[in-house]
There are 4 protein chains.
Amino acid sequence: MSNSTQKIKAGILGASGYTGAEAMRLLLRHPNVELTLLTADRKAGLSVEEVYPHLGGYGLPDMISVKDADWNSVDVVFCGLPHGTTQEIIATLPATVKVIDLSADFRLRNADTYAEWYGHKHMAMTLQAGAVYGLTEFNRDAVKDARLVACPGCYPTATLIALLPLVSAGLVDPQDLVIDAKSGLTGAGRGLKQNTLFSEAGEGLSPYSVAKHRHAPEIEQEVALSAGLSDADVRVNFVPHLVPMSRGELVTCHVRLAAGKTVGELRAEYAKIFQNEPFVRLLKEGDMPQTQMVRGSNNCVLNVFEDRIPGRATVIAAIDNLVKGSSGQAVQNMNLMFGFDETLGLEQVALFP
Amino acid sequence: MSNSTQKIKAGILGASGYTGAEAMRLLLRHPNVELTLLTADRKAGLSVEEVYPHLGGYGLPDMISVKDADWNSVDVVFCGLPHGTTQEIIATLPATVKVIDLSADFRLRNADTYAEWYGHKHMAMTLQAGAVYGLTEFNRDAVKDARLVACPGCYPTATLIALLPLVSAGLVDPQDLVIDAKSGLTGAGRGLKQNTLFSEAGEGLSPYSVAKHRHAPEIEQEVALSAGLSDADVRVNFVPHLVPMSRGELVTCHVRLAAGKTVGELRAEYAKIFQNEPFVRLLKEGDMPQTQMVRGSNNCVLNVFEDRIPGRATVIAAIDNLVKGSSGQAVQNMNLMFGFDETLGLEQVALFP
Amino acid sequence: MSNSTQKIKAGILGASGYTGAEAMRLLLRHPNVELTLLTADRKAGLSVEEVYPHLGGYGLPDMISVKDADWNSVDVVFCGLPHGTTQEIIATLPATVKVIDLSADFRLRNADTYAEWYGHKHMAMTLQAGAVYGLTEFNRDAVKDARLVACPGCYPTATLIALLPLVSAGLVDPQDLVIDAKSGLTGAGRGLKQNTLFSEAGEGLSPYSVAKHRHAPEIEQEVALSAGLSDADVRVNFVPHLVPMSRGELVTCHVRLAAGKTVGELRAEYAKIFQNEPFVRLLKEGDMPQTQMVRGSNNCVLNVFEDRIPGRATVIAAIDNLVKGSSGQAVQNMNLMFGFDETLGLEQVALFP
Amino acid sequence: MSNSTQKIKAGILGASGYTGAEAMRLLLRHPNVELTLLTADRKAGLSVEEVYPHLGGYGLPDMISVKDADWNSVDVVFCGLPHGTTQEIIATLPATVKVIDLSADFRLRNADTYAEWYGHKHMAMTLQAGAVYGLTEFNRDAVKDARLVACPGCYPTATLIALLPLVSAGLVDPQDLVIDAKSGLTGAGRGLKQNTLFSEAGEGLSPYSVAKHRHAPEIEQEVALSAGLSDADVRVNFVPHLVPMSRGELVTCHVRLAAGKTVGELRAEYAKIFQNEPFVRLLKEGDMPQTQMVRGSNNCVLNVFEDRIPGRATVIAAIDNLVKGSSGQAVQNMNLMFGFDETLGLEQVALFP
């Protein structure tokens, strides 16, 4: 393990949320990182143990208000702030601080689309222009050189890993992408909401934001970009559901094959694209991706299935929404930005059962 | 409550499974029914309390082997036997005994389709010819006069309630029906399987039988029949998932509107078709069907949502797989077959939280 | 079923909480009751469906503010208001309205004890003097004649059913009662608290209020009263835990036998006391009470086990905290207060699985 | 990380069970260990991925039958075999192979006690005589020199960490130890049992083996030994419960203080004993141990609470039953046996939420 003089100093903004907690969990065991700054405005003054008892005893700094942060004390910040507030804070940071943003603030490249889906004008479009979309497997080189990385949403992460290879290679029809997505409750955050109480969400299944989820335009943007299509050429029908589990996310993509293409070609494309990826695993033919296979790990498992209906296939991908879908991918990006081995701090094997 | 001389006598074959237990739960409180026969070959000789402790203390008869059953002691039997065994037993019953079958044995009208999906030749196609498909809301008159009712599978129940009105009225394209289905673990039965252990299924989401589930041809058959189409005109892409909850089933149907049709017309059709149905409830515009709304009840809640993509809509329906998806619908059919009020014994309000 | 002219009119104060919802669920199917008043100050103006979607479609009245209630429209009210507010409201009701209180306001007979545990002076000790403690099985005659019934807390209900027969008969040492209690999350109410979020409470077990829970003095009061002891003669060590399930409560009582007494005598006492009780079931020797046996029902199952250590025994009782532990017992009391059959509206069989 | 020439070679006997899977998870990331042997008689010939999909892709050897094992290929074996079979297999191993046993075969020092509780004569009492009880924190020096370590049961691990300091220091009465224990479902193993199905165990709480659990004599043995008492001087009332979660174990110990002792003295003793322990954490006064704090980690959190009843206290300890309660503690012992840093491979932070 490197000695501490070689470590970079990292901060987490919005450390009291679940993505913040998960970033702490991972960075605590990262050999090249020291956590020196934790902000949480409403929890300012509290110890980490008071906010997250499972993180007590590790000597982490107390939570402070973001306005009291000493930006010279950090080489990189992870931003787990609510959408909309991130852009203003990031705009004020010294240029020497690298930024890995877990919010949605820098994901959408088009100012109008942002305003339409997030309900207010974007305040830092200049920064946006320099932001790199941090879907690591497809953007590795750009991430290495980035100062600001916008990590994908959890649903886009799993969905794009599943769809980008297929659309880019012209194997499926980009106008007929039906994505039926399912997430555990941590996807809804730590805020107090009636529908995320144990007694309300337990033993039940709830669709939400049907045809209105903000991850839909993000998916369309990246699919279009990846395949060199215009936005109008991509059609995503996206329906998410809350599943009674804490972690885990699974996307079931019902796709239509491009004319003359076969499911075998889809498998072959995946095998080629992901053969050397440390965190993406194409399962053996017929094996089902399950969220249980990836819990607590940065892994994504996926597979493709031929449908009974000629010309249709089903692609299924599973991730842990808090790891590959959020803080794990953020650490993966950090590793690239600082020239570390991409897997550093992310070696955990999935926790099952 | 009627006095016991007016009660019909009912038996449950395969009473040790979950559908059997659920039938007992409902019939114990049915004012016009007396449970006089319970069979369970591997549990023969045991009391109900030994097999299902929550049903102890109600004075139910002990489990016996089906070969020891006195068929003269019953007016009606509910068959919760494994697929394949039902047809042979039912073929031997006196014609005076009405039969409500919860297995798949009499659901498929075509002998070849049955053989293809269930892996063996059907042994009682003559009986099949007289069987009525017991999707109550759409087959009420035939059920009233039936001697043998084949209750639909749990997935077909929710799916057909959602799709039949739309396909019959020509509102959606029957060749582009994508059904993403989710069920609680009771749907997998009480048999001992590793993947249904708490430690394996809990905190996880598992797709299964992708493109291979036996409920797909059942759905196609009924959709085609209802709309006066040939089987080849109907195309169902069906992917089921196991969700970490005991009860509950939700189907998310991604449909394409027929040319010129609007989501408003779909809503109007539902409103018309279901306006007097005691167990089907069209939710207010925008409200999400959730399995929590129907747990333990015979209700089905549904709604339809316009998609962002022009010409597409999402229909969502939720039921309790053990009630409306199985034993509750069976009791509903029994009520019709004996001229009782259709809701008798099924008045329970959903159990929430 | 009685026709509506014979029905009594009932109101629920605090109908938006879980006990309120459960009272609605039960009373909707009570043949002799019509629900005419629902109050919920923070939800005033909303329909029942908006507050509890599973209760939509039954034609219940909208929620109103308690200050707008017409007390002449009701024969009885169920009070599910927060502790402390109940007493002031009840004090203003016309004497013709019977009151079944689900809060803690009238459970403790001693004003000082109340003030010590609830943090403020009791405002209606005169009413308290006339209140009957509604542990139905042990207080049946008094309940019949009561105008105000104070329903026991959920933990005291299960604990007292288990302990009162033993202490009253001098079979166990009242100074060495160790009660290890476990409850599902609904016991913590519908209020928004971080520790009751699905992601926090799921897959975890949390003790709370160790040695500080308000149900401890309530248990001590009733044990002492029942056995003719002074409060100082009764010693209850009470530790509750939150278990990751919505409903259900189980108390494990570790007791010391009185000199010369045997576990057989404890069993015999239970058998005698509970032989004709409709809702209390002594299990067969060796059978384990489980919350799964009573979910959704008004039943209590219990059993007693000899310990390896001479002179010690373990008594275990399970109830559904929202039914027998709250709204079900309240309905049971209402039935007595109005001369109905005690089991009316409470016939539901437990929901398992 | 050490290079592979320095690594020891480890085998897991009974790798298809949950403790086996957990040992694989931990050892895969241990820098000084290479997994070279996996046995599982009923799964012989299968790949790890087929038995545990989440462990696919790591290049582990296939499962083989124990009779086909090459004992010269390993420096150490972890035995996760069923109780009773372990002793015969271990007796045949070359003396050069160190053994870390996760079964109960070598935990009880007395042959009669073993026969009484496990139902058959012990077949390897000579080996037993040399076995070291692997409760690491209390037996560190003996473990370092051991060839055969008998890892404690999961309940004894948490219970003894909580009780040994108190009994050894004479702070509590060893004749009045009431232990109310709760475990997640993995504690019941991967074998197919009806009561561990999701639909049976979910949403429910089940006591089991009341006064009959095999961990009771194990706890008594170690408490007596630690305090220099005879077995007859120690009295443990032990009642375990199955809680609807996969992992996690919590013991609530209701203890009586020795004459004149205070809860402050208990706290002080814990603080002294555990001050330098890497895996045991005494929480701040008043903070509740919860299983959520330790999931997936080798940590034990504990605290002590003064009771309302003078002279009584409650001690609560929480562990992950599969880590500190089983495979994690086994790895901790292995580290000592091979002179590694005790925390190697066990650095994972708890997974929450």
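Numbers for the structure displayed
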quantity	calculated
Fraction of accessible area attributable to carbon and sulfur, chain A (%, probe 1.4 Å)	48 percent
Chain C: calculated mean residue ellipticity at 222 nm from DSSP helix runs of at least 4, using -39500 (n - 2.57)	-8000 deg cm²/dmol
Shielding by other protein chains, C:283-293, mean Cβ within 10 Å	6
Mean shadow area of segment B:1-119, taken as a quarter of the surface of its Cα convex hull (nm²)	8.0 nm²
Cross-link pairs C:7/C:43; D:144/D:284; A:67/C:212; B:193/C:324; B:9/B:272 - those with Cα-Cα distance over 30 Å	D:144/D:284; A:67/C:212; B:193/C:324; B:9/B:272
Cα Rg over Rh - the protein assembly as shown, Kirkwood	0.95
Fluctuation leader among C:275, C:87, C:329 - chain C, Gaussian network, Cα springs under 10 angstrom	C:275
For segment D:254-353, average projected area of the Cα convex hull in nm²	7.3 nm²
Cβ-placed point charges (K, R +1; D, E -1), dipole of segment B:116-194 about Cα centre in debye, nearest 20	480 debye
Accessible heavy-atom area order of A:154, C:253, highest first, probe of 1.4 Å	A:154, C:253
Computed accessible area, residue B:122, all protein chains, 1.4 angstrom probe, square angstrom	10 Å²
In Hz, Karplus ³J(HN,Hα) per residue of segment A:46-60 (6.51, -1.76, 1.60; θ = phi - 60°; x = Gly, Pro)	8, 7, 4, 4, 6, 8, 9, x, 6, 9, x, x, 9, x, 6
Solvent exposure, largest accessible area first (probe 1.4 Å, DNA, RNA and ligands not counted), of A:226, C:199	A:226, C:199
Globularity ratio of chain A, using Cα Rg and 2.2 N^0.38 Å	0.97
Radius of gyration, Dmax [segment B:56-174; alpha carbons; angstrom]	16.3, 52
Taking segment D:66-207 and dividing mean pair separation by its residue count, relative contact order in percent (alpha carbons under 8 Å, at least six apart)	18 percent
Residue among B:293, B:334, B:125 with the largest mean-square fluctuation in a Gaussian network model of chain B, springs linking Cα atoms under 10 Å	B:125
In order through segment A:136-143: 3J(HN,Hα) via Karplus (6.51 cos²θ - 1.76 cosθ + 1.60), integer Hz, x for Gly, Pro	3, 4, 10, 9, 4, 5, 5, 5
Accessible area, probe 1.4 Å, largest first, for residues C:25, B:109	B:109, C:25
For segment C:128-250, diffusion coefficient by Stokes-Einstein and Kirkwood Rh (Cα), 25 °C, 0.890 mPa s, µm²/s	156 µm²/s
Rh (Kirkwood; distinct C-alpha pairs) - segment B:87-152, Å	12.1 Å
Cut-off under 5 Å, modelled amide H: who pairs with residue C:175 long-range	C:235
C-alpha long axis of helix D:263-274 to longest principal axis of chain D, angle in °	30 degrees
Between helix B:215-227 and chain B: long-axis angle, C-alpha atoms, 0 to 90°, nearest 10	70 degrees
Percentage relative contact order, segment D:169-282, counting C-alpha pairs under 8 Å, at least six apart	45 percent
Per-residue ³J(HN,Hα) for segment B:96-101, Karplus 6.51 cos²θ - 1.76 cosθ + 1.60, θ = phi - 60°, Hz, x for Gly and Pro	6, 8, 7, 10, 10, 9
Segment D:174-329: mean projected area of Cα convex hull, nm²	10.1 nm²
Relative contact order computed over segment C:295-353 (Cα-Cα under 8 Å; 6+ residues apart), in percent	39 percent
GNM result for chain A, Cα springs below 10 Å: residue of A:166, A:322, A:127 fluctuating most strongly	A:127
Shape of segment B:193-273, Cα gyration tensor, a/c cut at 1.5	prolate
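The values are calculated or read from the model by the stated rules, or taken from the named source; none is laboratory data. Everything numeric in this text was worked out from a predicted model, so none of it was measured. A quick note on method: Cβ atoms are made from the backbone with ideal geometry, for glycine too, and the neighbour counts reach across all protein chains shown. Note: areas computed on protein heavy atoms with side chains; ligands, DNA, RNA excluded. Shrake-Rupley method; radii C 1.70, N 1.55, O 1.52, S 1.80 Å.
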